[in-house]
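Chemist: Supplied in structure tokens, the structure appears directly below.
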Amino acid sequence: MRIAVSDPNAILRVRSSSQRRDWAKAWEYYDNVGEVHFALNEVGREMSRIRLIGQRRDASGTWKTVEPNDKLQVEIDGIQSYNGGQGQLLRSYYINHKVVGETMLVIYRKDDQTWYDACSPDEIDIQEGVSGRG
């Protein structure tokens with residue numbers, strides 16, 4: 001997946017990170033060492049089964065889970081990857097973070113909806129004047 005970024009703040013973040021040149025080597029290791037690939041994908045699959053749940057503190061300071069139709073939970077349920085919902089977002093976060101050591105959360109609009117994706121910095125293209133997925 002490739003993401004086109006036009007936000008100047010995002011561009012600065014990507015440029016400051018782009019000094020690292022070991023991403024290709026890290027991905028090659030992930031692709032070629034079966035034990036590493038299997039282990040990361042196994043945990044990634046477990047991550048994809050997580051469901052994000054909203055909570056609020058009550059007056060006593062105790063955390064209480066919100067109801068499924070609460071505005072907070074509706075917002076949380078809207079955090080979805082275009083490529084496979086919340087599960088894919090969490091799986092992608094885990095694998096990218098373990099392979100390259102950093103993950104960028106990208107928020108974009110497509111098909112009149114807001115989507116979220118976890119990407120490694122090498123998946124982001126900086127394109128002036130372009131917004132959304134490339």
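The values are calculated or read from the model by the stated rules, or taken from the named source; none is laboratory data. Predicted model, so just to flag it, every value in this text is computed and none were measured. Please note: Cβ atoms are built from the backbone with ideal geometry, for glycine as well, and neighbour counts cover all protein chains shown.
Chemist: Within region 18-68, can you find the residues that are in contact (Cβ under 8 Å) with a residue 40 or more places away in the chain and farther than 18 Å from Glu102 by Cα?
Modeler: Scanning region 18-68 gives Arg45, Ser48, Ile50.
Chemist: If we keep just the residues of region 105-122 that are in contact with a helix residue (DSSP H, G or I) (Cβ under 6 Å, 6 or more places away or on another chain) and not acidic (Asp, Glu), which is farthest from Ile79 (Cα to Cα)?
Modeler: Applying the filter and picking the extreme gives Pro121.
Chemist: Filter region 47-66 down to residues that are closer than 21 Å to Gly84 by Cα and assigned to a loop (DSSP other than H, G, I, E, B) and give me whichever is nearest to the chain's Cα centre (by Cα).
Modeler: Top of the filtered list is Ser48.
Chemist: Follow-up. On the basis of being within 16 Å of the chain's Cα centre (by Cα), polar (S, T, N, Q) and at pLDDT 90 or above, does Gln88 make the cut?
Modeler: Details: within 16 Å of the chain's Cα centre (by Cα): yes; polar (S, T, N, Q): yes; at pLDDT 90 or above: yes.
Against the criterion (within 16 Å of the chain's Cα centre (by Cα), polar (S, T, N, Q) and at pLDDT 90 or above), Gln88 qualifies.
Chemist: Still on this structure: Report, by residue number, each residue of region 69-84 that is in a loop (DSSP other than H, G, I, E, B) and polar (S, T, N, Q).
Modeler: Taking region 69-84 first, the residues in a loop (DSSP other than H, G, I, E, B) are 69-70, 78-80, 82-84.
Passing the criteria: Asn69, Gln80, Asn83.
Chemist: Within region 25-46, is there a residue that is outside any helix (DSSP H, G or I) and more than 15 Å from the chain's Cα centre (by Cα)?
Modeler: yes
Chemist: May I ask you to list the residues in region 109-134 that are loosely packed, with under 12 Cβ neighbours inside 10 Å, of a type in the set (Asp, Glu) and modelled with pLDDT of 85 or more?
Modeler: Passing the criteria: Asp111, Asp112.
Chemist: On to the next question. So, in region 98-121, of the ones that are β-branched (Val, Ile, Thr) and assigned to a strand (DSSP E or B), which residue ends up nearest to Val36 (Cα to Cα)? Lay out the reasoning, then the answer.
Modeler: Residues of region 98-121 that are β-branched (Val, Ile, Thr), as a first pass: 99-100, 103, 106-107, 114.
This time we only want the ones that are assigned to a strand (DSSP E or B), so: 106-107, 114.
Numbers: Val106: 26, Ile107: 29, Thr114: 33 Å.
Within region 98-121, the match that is nearest to Val36 (Cα to Cα) is Val106.
Chemist: Out of the residues in region 47-68 meeting the condition of being farther than 27 Å from Ile95 by Cβ and among the hydrophobic types (A, V, I, L, M, F, W, C), tell me which one is surrounded by the most Cβ atoms within 10 Å (Cβ to Cβ).
Modeler: Of everything passing the filter in region 47-68, Val66 is surrounded by the most Cβ atoms within 10 Å (Cβ to Cβ).
The rows are residues; the columns are (1) modelled with pLDDT of 95 or more; (2) hydroxyl-bearing (Ser, Thr, Tyr); (3) under 21 Å from Arg109 (Cα atoms).
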{"position": "Met1", "(1), (2), (3)": "no, no, yes"}
{"position": "Ala10", "(1), (2), (3)": "no, no, yes"}
{"position": "Trp23", "(1), (2), (3)": "no, no, no"}
{"position": "Phe38", "(1), (2), (3)": "yes, no, no"}
{"position": "Leu72", "(1), (2), (3)": "yes, no, yes"}
